[in-house]
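Report on the following structure.
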Amino acid sequence: MATVRIPSPLRKYTDGQAKITIPGATVAEVMTNLITAYPGIESRIMDDGQIKRFINVFVNEDEIRTLNGAESTVSDSDEISIVPAMAGGK
Amino acid sequence: MSYISVIDLLDNARQSVREISVQQLRHALSDENPLLLVDIRELDEWQQGTVSGAVFIPRGNLEFNIEDEAFDRDTPIALMCAGGVRSIFAAKSLQDMGYTNVVSVAGGFDAWKNAGYPFETPQTLSAERRARYARHIIMPEVGEAGQIKLLNAKVLLIGAGGLGSPAAIYLAAAGVGTIGLVDFDVVDTSNLQRQIIHRLDAVGTPKVQSAAETIARLNPDVRVIGHQVQLTSQNALDIICDYDIVLNGSDNFPTRYLVNDACVLLGKPLVDASIFRFDGSVTVYDTAHGSPCYRCQYPDPPPPGEVPSCAEGGVLGVLPGIIGSLQAVEAIKLIVGIGSPLIGRSLQYDALEAEFREFRVRKNPHCPVCSDHPTVTELIDYQEFCGIPHIETEMPQPIG
């Protein structure tokens with residue numbers, strides 16, 4: 001179980017929720033369960049079952065590439081943040 | 001009425017104040033743990049020349065300001081005036097404040113100069129500039145030396161738009177002496193909801209020109225260099241190499257990777273930020289000093305069309321005001337050399353939730369640009385890298 005933080009552009013797929021508690025022992029499990037609960041978000045964050053490469057996923061402060069990827073374990077007190085790359089500046 | 005003459009007062013002070021010669025001072029300054037040398041003369045004397053490394057606190061401010069330089073009462077301090085008399089009285093006063101290790105430089109700066117020792121003529125601010133930047137100068141973290149660094153600094157802003165507007169305005173107000181602006185666009189009515197450097201009467205004029213006019217009205221100390229071009233792999237290194245720091249406020253991924261790679265190749269610090277709708281992000285890359293780069297944080301660009309731009313998805317007008325101002329703060333910190341820069345950290349702002357959060361950014365040991373064994377050693381075709389088909393465009397000429 002972990003708290004998943006949804007970036008504002010994707011909240012339309014999560015009934016407007018910014019933080020959702022989702023069961024799962026790894027990032028991959030949490031993502032699967034997130035998509036089961038909110039299917040609309042899948043195409044925005046996943047590509048062929050993998051997290052899109054331009055999306056950073058953090059467990060607390062650390063990006064999962066610097067941990068154990070999608071297999072990074074999570075506990076109830078952990079927070080998973082989905083942070084897509086943004087290009088806007090103007 | 002009894003009185004004490006200045007001679008008596010001086011003799012009295014000499015009883016408790018130790019003096020050192022300029023020779024001893026020179027040795028003490030070249031020591032591994034040098035003492036704190038305070039030049040207590042008046043501004044006009046100090047401007048004529050001082051000992052390199054000396055802190056300038058005029059006698060009248062000494063008791064008020066000494067704690068900013070040395071709070072520890074056991075700090076070894078040497079006080080220097082012109083001839084070695086004022087510094088004896090000053091040392092006595094510091095002893096009264098509890099400083100245990102204060103000496104007076106016998107013969108003062110005149111003896112130093114007569115001994116043929118090296119001195120420097122400090123760069124100083126005019127009275128007008130001292131008044132304009134008084135709120136900076138009064139803070140010991142900035143001081144006159146920090147303000148001079150700002151006036152000598154050259155900062156390049158990529159984009160004179162949402163992020164570039166507040167960043168340019170605050171950097172100009174802060175007295176950053178040279179501000180370069182790269183933007184090929186003209187001001188459009190839809191820009192005015194957030195691009196606060198541009199005004200309604202500037203609609204239709206080039207953004208670099210409109211921004212230069214606003215800055216000129218704000219602070220004549222600032223020289224604005226307008227680069228009214230699209231930044232490309234052909235011109236990026238030539239433009240960026242003349243600046244100390246780059247602020248990224250561009251609006252597309254190819255330019256973001258281009259600016260990153262150019263800054264890595266040139267060893268320039270990059271204050272990067274991006275915005276979308278209600279979310280903002282800011283971080284600092286400084287690969288010349290071991291920091292990660294944009295590619296460490298975002299190894300792969302999104303496929304074209306996958307991430308909407310602000311034009312497509314919108315952006316809260318105030319949001320770039322927050323994020324661009326944070327970029328200006330980070331730039332000023334880098335220039336003055338204070339605080340902890342946002343290196344290796346990404347600060348994210350969620351306006352809807354009113355939350356700031358911070359994530360770690362680690363260096364990718366296999367980064368194609370900033371690792372020890374880079375595979376990208378010159379600028380590449382960033383449109384192609386981002387999967388965007390080529391469109392031939394005619395480039396306007398640079399101005400300014």
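The values are calculated or read from the model by the stated rules, or taken from the named source; none is laboratory data. Predicted model, so just to flag it, every value in this text is computed and none were measured. Here the Cβ is made from the backbone with ideal geometry for all residues, glycine too, and neighbour counts use every protein chain on show.
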Per-region count, region B:110-135, residues assigned to a loop (DSSP other than H, G, I, E, B), under 25 Å from B:PHE64 (Cα atoms) and modelled with pLDDT of 95 or more: 1
Count of region B:1-11 residues which are part of a helix (DSSP H, G or I) and either in contact (Cβ under 8 Å) with a residue 60 or more places away in the chain or small (Gly, Ala, Ser) (or both): 2
From B:VAL224, B:VAL259, B:VAL264, B:VAL229, residue being within 18 Å of B:LEU171 (Cα to Cα) and either in a helix (DSSP H, G or I) or among the β-branched types (Val, Ile, Thr) (or both): B:VAL224
Matching residues in region B:373-390 - criterion: being loosely packed, with under 13 Cβ neighbours inside 10 Å and part of a loop (DSSP other than H, G, I, E, B): B:HIS373, B:THR375, B:THR377, B:GLU378, B:PRO389, B:HIS390
Subset of region A:1-18 that is within 13 Å of another protein chain (Cβ to nearest Cβ) and touching a residue at least 60 places away in the same chain (Cβ under 8 Å) - its residue that is farthest from A:GLU71 (Cα to Cα): A:PRO9
Criterion (facing chain A (nearest Cβ under 8 Å) and not β-branched (Val, Ile, Thr)) met by exactly one of B:ALA273, B:ALA288, B:ALA354: B:ALA273
When residues of region B:1-11 are limited to those that are of a type outside the set (Asp, Glu) and surrounded by fewer than 12 Cβ atoms within 10 Å (Cβ to Cβ), the one nearest to the chain's Cα centre (by Cα): B:VAL6
Test set (1) within 10 Å of chain A (Cβ to nearest Cβ); (2) in contact (Cβ under 8 Å) with a residue 40 or more places away in the chain; (3) touching a Lys or Arg at 6+ places or on another chain (Cβ under 8 Å) - B:PHE253 fails condition number: (3)
Hits in region B:168-214 - residues which are under 17 Å from B:ILE323 (Cα atoms) and facing another protein chain (nearest Cβ under 10 Å): B:ASN191, B:ARG194, B:GLN195
Condition check for B:THR100: modelled with pLDDT under 95, β-branched (Val, Ile, Thr) and more than 30 Å from B:LEU218 (Cβ to Cβ): no
Those residues of region A:49-81 which are more than 10 Å from chain B (Cβ to nearest Cβ), touching a residue at least 60 places away in the same chain (Cβ under 8 Å) and surrounded by fewer than 20 Cβ atoms within 10 Å (Cβ to Cβ), in sequence order: A:SER75, A:ASP76, A:ASP78
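Scan region B:160-185 for residues that are touching a helix residue (DSSP H, G or I) at 6+ places or on another chain (Cβ under 8 Å), under 17 Å from B:ASP251 (Cα atoms) and in a loop (DSSP other than H, G, I, E, B) and jot them down.
Kept after step one, since they are touching a helix residue (DSSP H, G or I) at 6+ places or on another chain (Cβ under 8 Å), are these residues of region B:160-185: B:160-177, B:179-183, B:185.
Filter once more, so that each one left must be under 17 Å from B:ASP251 (Cα atoms): B:160-168, B:181-183, B:185.
Once the filter is applied, which keeps residues that are touching a helix residue (DSSP H, G or I) at 6+ places or on another chain (Cβ under 8 Å), under 17 Å from B:ASP251 (Cα atoms) and in a loop (DSSP other than H, G, I, E, B), region B:160-185 yields B:ALA160, B:GLY161, B:GLY162, B:LEU163, B:ASP183, B:ASP185.
For B:ASN61, state whether it is closer than 18 Å to B:PRO140 by Cα and free of Cβ contacts under 8 Å to residues at least 40 places away in the same chain. Before the answer, list the steps.
On the way: closer than 18 Å to B:PRO140 by Cα: yes; free of Cβ contacts under 8 Å to residues at least 40 places away in the same chain: yes.
In short, yes.
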Any hit, region B:99-109, residues being under 14 Å from B:ALA54 (Cβ atoms), in contact with a Ser or Thr (Cβ under 6 Å, 6 or more places away or on another chain) and in a helix (DSSP H, G or I): no
Index of the failed condition, B:PHE278 passing every other in (1) more than 16 Å from B:ARG256 (Cβ to Cβ); (2) hydrophobic (A, V, I, L, M, F, W, C); (3) more than 9 Å from every other protein chain (Cβ to nearest Cβ): (3)
Which numbered condition A:THR26 misses (of (1) polar (S, T, N, Q); (2) in contact with a strand residue (DSSP E or B) (Cβ under 7 Å, 6 or more places away or on another chain); (3) within 11 Å of another protein chain (Cβ to nearest Cβ)): (3)
